[in-house]
Amino acid sequence: MNSEIKAGLILGVIIAAGLGIMGVFFSSLDQDVQSSTTFTEMDSLSKIDKSGFKKAPKLVGIANYLNITPEELSKKMEDKVILYDIWTYSCINCIRTLPYITAWDDKYSDEGLLIIGIHSPEFEFEKDPENVKMAIEKHGISYPVVMDNDMETWKAFENRYWPRKYIADHEGYIRYDHIGEGGYQESEKVIQKLLEERSMALGIQMASTSSLVDIEEFQHTVFRTPELYFGFKFAQNRNQLGSDEGFQPGSIVSYSEPENIALHKFYPIGNWKNYDDSMELVSEVGSIKLLYNAKEVNIVTENNAELEIFLDGKPLPGEYAGKDIINGNTLKVSEAGLYNIINSDTSSSHVLEINVQGPGFQIFTFTFG
């Protein structure tokens, strides 16, 4: 056989094989997509193949049950569509999702939806049940909340994020998974469809509704300062502390006034003790300086304190004052948690200065929006 013809035949075989492989590959991709959205497209329950879905894990290592007892929760979970919300109360991203979740609870709890808040703490003070009780009262949470203080349920879900929503059908299969904020309309449509599935399977009549909860969603700025951690352990592999003195684990460090301030870095001034998750002011007076870019600035703090807030060297103007600011430019810290100190309509860059009177003030993070 002519060598050119032979080469042509070999090339043709290779191309045909390649096209075959690509066809199988794209066919498998289509199957994957369908399996993750089956419940939105199938007309009858008998056609739903759940072999590709995982079952929701058991709630394990729970330190406290809030708004419910363990026995009541176990009984209530039977045959329910369950939204598992993994959150923690000082996380601003978690807090922004709560109006939607509480609204879904009001709207669908009588139709077979059960919401379980899995409170997996980031900081030590979030393990205190009294702190969590205050938070759930503040945010109007009436559904069950379980305190996952040792992160055992977090690990059982193989989770790594705050917040995260898993929605399981009435048979316990996880049919939806969303990380972070957003996706509210999509999430609610999943809830509606799974409730329809449940009513058909159990022979239960349910109110028909296609309307969705209408809440204005927080609009993030694209370019904003990332979350800044004051604890040396939490700040590992992040270049966020601008002071020349740096982190000194377990030590009291005398931080000096910086000559220059870099964007997205914080500068404590005064004597601060370095903890793995925070810094605590030990001198009579101290301050923190920060050059940031955002429209919203929050701090996570603990221990009573009165703070004076300055922006670009002047007392905080009213148009930038966060919802927790009182008396012009004052913030009073009375309980451990998150406080909003800057809130404006547009993103911009400013030098923020926080002046603290008296020792004991403890700060964990800055977060931005």
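I'd like the full set of residues that are in contact (Cβ under 8 Å) with a residue 60 or more places away in the chain and acidic (Asp, Glu), limited to region 266-315.
If the condition is that a residue be in contact (Cβ under 8 Å) with a residue 60 or more places away in the chain and acidic (Asp, Glu), then Asp277, Glu280, Glu284, Glu296, Glu302 are the ones that fit.
Which one of these does Gly318 not meet: (1) over 24 Å from Val253 (Cα atoms); (2) in contact with a strand residue (DSSP E or B) (Cβ under 8 Å, 6 or more places away or on another chain)?
(2)
Six or more apart or on different chains, Cβ under 7 Å: which pairs go from a residue in region 142-161 that's among the acidic types (Asp, Glu) to one that's surrounded by 15 or more Cβ atoms within 10 Å (Cβ to Cβ) and part of a loop (DSSP other than H, G, I, E, B)? Could you list them?
Asp148/Gly61; Asp148/Ile62; Asp148/Ser120; Asp150/Gly61; Glu152/Gly61
Across region 81-138, what is the number of residues that are hydroxyl-bearing (Ser, Thr, Tyr) and farther than 21 Å from Gly231 by Cα? Spell out how you get there, then give the answer.
First, the residues of region 81-138 that are hydroxyl-bearing (Ser, Thr, Tyr): 84, 88-90, 97, 100, 102, 108-109, 120.
Narrowing further to those that are farther than 21 Å from Gly231 by Cα: 84, 97, 100, 102, 108-109.
Final tally of qualifying residues: 6.
When only residues in region 46-67 that are of a type outside the set (Lys, Arg) and not in a loop (DSSP other than H, G, I, E, B) count, which is modelled with the lowest pLDDT?
Let us first name the residues in region 46-67 that are of a type outside the set (Lys, Arg), namely 46, 48-49, 51-53, 56-57, 59-67.
Next, from what is left, pick out any that are not in a loop (DSSP other than H, G, I, E, B): 46, 64-66.
Details: Ser46: 52, Asn64: 98, Tyr65: 98, Leu66: 98.
If we take residues in region 46-67 being of a type outside the set (Lys, Arg) and not in a loop (DSSP other than H, G, I, E, B), then Ser46 is modelled with the lowest pLDDT.
Name every residue in region 125-154 that is closer than 25 Å to Tyr275 by Cα and not acidic (Asp, Glu), in order of residue number. Before the answer, list the steps.
If we filter region 125-154 for residues that are closer than 25 Å to Tyr275 by Cα, which is where we start, we get 125-132, 135, 147-152, 154.
Selection gives Phe125, Lys127, Pro129, Asn131, Val132, Ala135, Met147, Asn149, Met151, Trp154.
Among the strands (runs of 3 or more DSSP E) confined wholly to region 268-369, which include 1 or more residues that are surrounded by fewer than 18 Cβ atoms within 10 Å (Cβ to Cβ), out of contact with any helix residue (DSSP H, G or I) (no Cβ under 7 Å at 6 or more places or on another chain) and not assigned by TED's automatic domain parsing to the domain that holds Ile95?
Answer list for region 268-369: 285-302, 305-311, 330-333, 337-357.
If you go through region 342-359 one residue at a time, do you hit one that is at positive phi and in contact with an Asp or Glu (Cβ under 7 Å, 6 or more places away or on another chain)?
Checked against the condition, which is being at positive phi and in contact with an Asp or Glu (Cβ under 7 Å, 6 or more places away or on another chain), region 342-359 yields at least one hit.
Quick check: is even one residue across region 133-156 part of a loop (DSSP other than H, G, I, E, B), surrounded by 18 or more Cβ atoms within 10 Å (Cβ to Cβ), charged (D, E, K, R) and within 18 Å of the chain's Cα centre (by Cα)?
yes
Kindly check whether there is at least one residue in region 121-135 that is free of Cβ contacts under 8 Å to residues at least 24 places away in the same chain and not acidic (Asp, Glu).
No, region 121-135 has no match at all.
Have a look at Asp106, Asp110, Asp79 and point out the one that is farther than 25 Å from Thr365 by Cβ and part of a loop (DSSP other than H, G, I, E, B).
Working: Asp106 fails: part of a loop (DSSP other than H, G, I, E, B); Asp110 fails: part of a loop (DSSP other than H, G, I, E, B).
So the residue among Asp106, Asp110, Asp79 that is farther than 25 Å from Thr365 by Cβ and part of a loop (DSSP other than H, G, I, E, B) is Asp79.
Condition (residue is more than 16 Å from Trp87 (Cα to Cα), touching a strand residue (DSSP E or B) at 6+ places or on another chain (Cβ under 7 Å) and at pLDDT 95 or above) applied to region 154-164: is it met by at least one residue?
no
Scan region 262-290 for residues that are touching a Gly at 6+ places or on another chain (Cβ under 7 Å) and among the aliphatic types (A, V, I, L, M) and report the count.
Final tally of qualifying residues: 4.
Any residue at all in region 167-190 that's in contact (Cβ under 8 Å) with a residue 24 or more places away in the chain, surrounded by fewer than 14 Cβ atoms within 10 Å (Cβ to Cβ) and not in a helix (DSSP H, G or I)?
no
Against the definition (touching a His at 6+ places or on another chain (Cβ under 8 Å) and under 29 Å from Pro121 (Cβ atoms)), how does Val146 come out, yes or no?
In short, yes.
In the set Thr225, Thr221, which member is modelled with pLDDT under 95, touching a strand residue (DSSP E or B) at 6+ places or on another chain (Cβ under 7 Å) and surrounded by 15 or more Cβ atoms within 10 Å (Cβ to Cβ)?
Thr221
The values are calculated or read from the model by the stated rules, or taken from the named source; none is laboratory data. Computed from a predicted model, the values in this text were never measured in an experiment. Quick reminder, even Gly has a Cβ in these numbers, built from the backbone with ideal geometry, and neighbours come from all protein chains shown.
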